[in-house]
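Asks: Here's a structure for you.
The values are calculated or read from the model by the stated rules, or taken from the named source; none is laboratory data. Keep in mind it's a predicted model, so treat the numbers as computed, not measured. In this analysis, Cβ positions are derived from the backbone assuming ideal geometry, glycine residues included, and neighbour counts consider all displayed protein chains. All accessible areas refer to the heavy atoms of the entire protein, side chains included, with ligands and DNA or RNA removed. Shrake-Rupley method; radii C 1.70, N 1.55, O 1.52, S 1.80 Å.
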Amino acid sequence: MPTATSTPTVRPTNTPKPTLAASPTSDAFTTPVTIATATKSVGPDRAEWVGQNPGDGTVFAAGEDFTLVWSVKNTGTSTWTTEYQLRFYLGDPSLRFHAQDIKLPKEVKPNETIDLSLWMEAPHESGDYTTIWVLSNNEGLNFYPLTFTLKVAGTQATSVPSATP
């Protein structure tokens, strides 16, 4: 005669979803990281990432100054005026890396490319960081996100006063 035996119930596990990671390359320009939550090009204002320097994943010393250059092509039908801006978009304000929002330095007609430069300072603590910026039109509407990831090796040296006898 069969007997009842207890069979354990298998519970589903929380399997983490894979994430995209930027890989350092030896090229001056790298593949962009797409941030779906920022915004997408719609309407007459459209853009296409052409390249950036330094590339994603570049390692900096703590507190090191650098200039980030994004090359972006106007793929829309409108001309970007000097009232268009590159603005910090998302996250902790410290992820600006001391950079300021900028207005485009010149007009960019459809199918033209522009280099947008930001002076930045690497964080003072080691780790991996991502900054997110966005192109905005003259009405303040965001239409294209730009991201940059970097690594900081070590911490910045601080001077310690010595005791005088």
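Asks: Using the Cβ atoms and a cut-off under 9 Å, what net charge is assigned to the surroundings of Thr82, where Lys and Arg are +1 and Asp and Glu are -1?
Replies: My count for the surroundings of Thr82 gives 0.
Asks: Let me ask something else about it. So for the stretch 73-117, Kirkwood radius off the Cα pairs, Stokes-Einstein at 20 °C and 1.002 mPa s: how many µm² s⁻¹?
Replies: It comes out at roughly 183 µm²/s.
Asks: For the stretch 54-144, what does the alpha-carbon gyration tensor say about shape, rounded, prolate or oblate, given a ≥ b ≥ c as the root eigenvalues, a/c under 1.5 as rounded, and a/b over b/c as prolate?
Replies: Prolate, because a/c is 1.5 or more and a/b exceeds b/c.
Asks: Let me ask something else. About the Cα centre, and with charges only on the beta carbon of Lys, Arg (+1) and Asp, Glu (-1), how big is the dipole of the stretch 50-116? Nearest 20 debye, please.
Replies: Here the size comes out at about 220 debye.
Asks: In Å², and per residue, what accessible area does the stretch 46-162 have when probed at 1.4 Å with the other protein chains present?
Replies: Per-residue value: 49 Å².
Asks: So for each of 73-79, 130-136, 97-103 I average, over its residues, the number of other beta carbons within 10 Å; can you give me the resulting order with the highest mean first?
Replies: 130-136, 73-79, 97-103
Asks: Along the stretch 86-100, what does the Karplus equation 6.51 cos²θ - 1.76 cosθ + 1.60 (θ = phi - 60°) give for ³J(HN,Hα), rounded to whole Hz, x for Gly and Pro?
Replies: In residue order, the calculated couplings are 10, 10, 4, 10, 9, x, 4, x, 5, 7, 6, 6, 6, 6, 10 Hz.
Asks: Using the Kirkwood formula over every pair of different C-alpha atoms, what hydrodynamic radius in Å results for the stretch 41-88?
Replies: 13.1
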